[in-house]
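Here the structure is laid out as structure tokens; the discussion comes afterwards.
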Amino acid sequence: MSDLELMVDFYLHIPRQGPGSAKETIKALDYTGLGSLRNLKIADIGCGTGAQTLTLAQNLDGDITAVDLFPEFLNVLNENAQKAGFQNRITTDVQSMDNLPHENDSFDLIWSEGAVYIMGFEEGVKCWRPLIRKGGFLVVSEISWFTESRPAELERFWEGAYAEMDTIENKEKVLQKHGYESVSSFKLPEYCWTDNYYNSIRHYLPSYIGKYPHEKAAKDLVEELETEMAIYEQYKKYYGYAFYIARKS
Ligand code: SAH
């Protein structure tokens, strides 16, 4: 199996592929005020198996285009959408987020949880803006510093892992620089990582190790996750995910 297939086979078996919760998704959505409008066009970029896609479908009226690079994740989302009766409102689309084929002004709302970092926050918000109609919204969750200063070891870890790690204030400046008005932002509470993400990783790790005992890439992935979880446990007061709610100005 290729390294990518091994990665996909890990994340297919957990309910979310990043920190989050339905409650926080709804909280972010409420800031947009879109809940009262009808026939919305929504894109959910880097949707994974679609935990948040279903929450969006439950709380908005309109059609959702759910985009991910890996069809395996979208198959799970399609099954879950079918079970929930949303098959007519959720369309999955295998695309790369940095080269989306949709026409300009296609969407009232672009949503993306825990995925814009793949392109980089700045490139992502810049590149998706033309797809949003005037006055429409961009809502993304993104890893961010929660404090002005941090221990050197932690800074080194994140310098290696994600060059655009920055404070909430600076991320909002990036949004403004690229033609958005920052409506609001808030930190995701700790349970979004622990209960909703890392616990399911910890639960699945032993089966995964048992499934691929001789694959180096599987072993590397497990080690990487264990390091990431230990860093979070030790340093969670300094960083976490934040939601950014922005309006195309
Ligand atoms: N939004 C989901 C998944 C976040 S993980 C959640 O919060 O649970 C990031 C997702 O981005 C994964 O599903 C991954 O397959 C997807 N992804 C990775 N590279 C991508 C790319 N180039 N284009 C689109 N999606 C991509």
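Picking from Val67, Val183, Val140, which is most flexible by a Gaussian network model of the chain using Cα springs under 10 Å?
Highest fluctuation among the options: Val183.
Using +1 on the beta carbon of Lys and Arg, -1 on that of Asp and Glu, and nothing else charged, what's the dipole of the stretch 202-249 about the Cα centre, debye to 20?
Charge dipole, the stretch 202-249, about its Cα centre: 380 debye, nearest 20.
Given R₀ = 25 Å, FRET efficiency for Gln234-Asn199 by Cβ-Cβ distance, to 0.05?
In this case the efficiency is close to 0.90.
If you average the sequence gap of Cα pairs under 8 Å that are 6 or more apart and divide by the length of the chain, what percent do you get for the contact order?
Computed over the chain, the figure is 24 percent.
Over the chain, with a Gaussian network built from C-alpha contacts below 10 Å, which listed residue (Lys134, Lys211, Lys126) shows the highest mean-square fluctuation?
Top of the fluctuation ranking is Lys211.
Rounded to the nearest 20 Debye, what is the dipole magnitude of the stretch 104-203 about its Cα centre when Lys and Arg each give +1 and Asp and Glu each give -1 at the C-beta?
Once rounded to the nearest 20, the dipole reads 240 debye.
Would any residue of the stretch 1-45 have its amide N under 15 Å from a label point 7 Å out along Cα→Cβ of Glu215? List them or say none.
Hits in the stretch 1-45 for Glu215 at 15 Å: 1-14.
In percent, what relative contact order does the stretch 55-94 have, based on Cα pairs under 8 Å that are 6 or more apart in sequence?
54
Under a no-solvent Debye model with one identical scatterer per Cα of the stretch 1-157, what's log10 I(q)/I(0) at q = 0.12, 0.13, 0.18, 0.20 Å⁻¹?
-0.53, -0.62, -1.13, -1.36
At a Cα cut-off below 24 Å, give the lysines reachable from Lys23, other chains included and same-chain residues fewer than 8 away excluded.
Result set, ordered by chain and number: Lys41, Lys83, Lys171, Lys187, Lys236, Lys237.
Consider a paramagnetic label point 7 Å from the Cα of Ser184 along Cα→Cβ; state which residues of the stretch 6-32 have an amide N under 11 Å from it.
Under 11 Å, as judged by backbone N against the label point of Ser184, lie 26-32 of the stretch 6-32.
Name the residue farthest towards the positive end of the dipole of the chain from the options Ser249, Pro206, Ile231, assuming +1 on Cβ of Lys and Arg, -1 on Cβ of Asp and Glu, about the Cα centre.
Farthest towards the positive pole: Ser249.
Could you work out how much longer the chain between Leu154 and Ser207 gets when fully extended? Use 0.36 nm per residue separation minus the Cα distance between them, nm to one decimal.
Contour length minus the Cα-Cα distance gives 16.1 nm.
Label-point separation (nm) for Leu12 and Ala161, each offset 7 Å from Cα along Cα-to-Cβ?
2.6
For the chain, what does -39500 (n - 2.57) per DSSP helix run (n ≥ 4), summed and divided by total residues, give at 222 nm, in deg cm²/dmol to the nearest 500? Numbers along the way, then the final one.
Values: 9 runs with 103 residues, N = 249.
Only helices count here, giving -12500 deg cm²/dmol.
Just rank Ile110, Ile231, fewest to most, by other beta-carbon atoms within 10 angstrom.
Working: Ile110 29, Ile231 17.
Ascending Cβ contact count within 10 Å gives the list Ile231, Ile110.
Within 10 Å, count the other beta carbons around each residue, average over each peptide in 241-248, 15-22, 102-109, and list them highest first.
241-248, 15-22, 102-109
Since every read-out is calculated from the coordinates, none of them should be taken as a lab result. Small disclaimer: the values here were computed from a predicted structure and weren't measured. Heads up, the Cβs are rebuilt from the backbone with ideal geometry, glycines too, and the neighbour counts pull from every protein chain shown.
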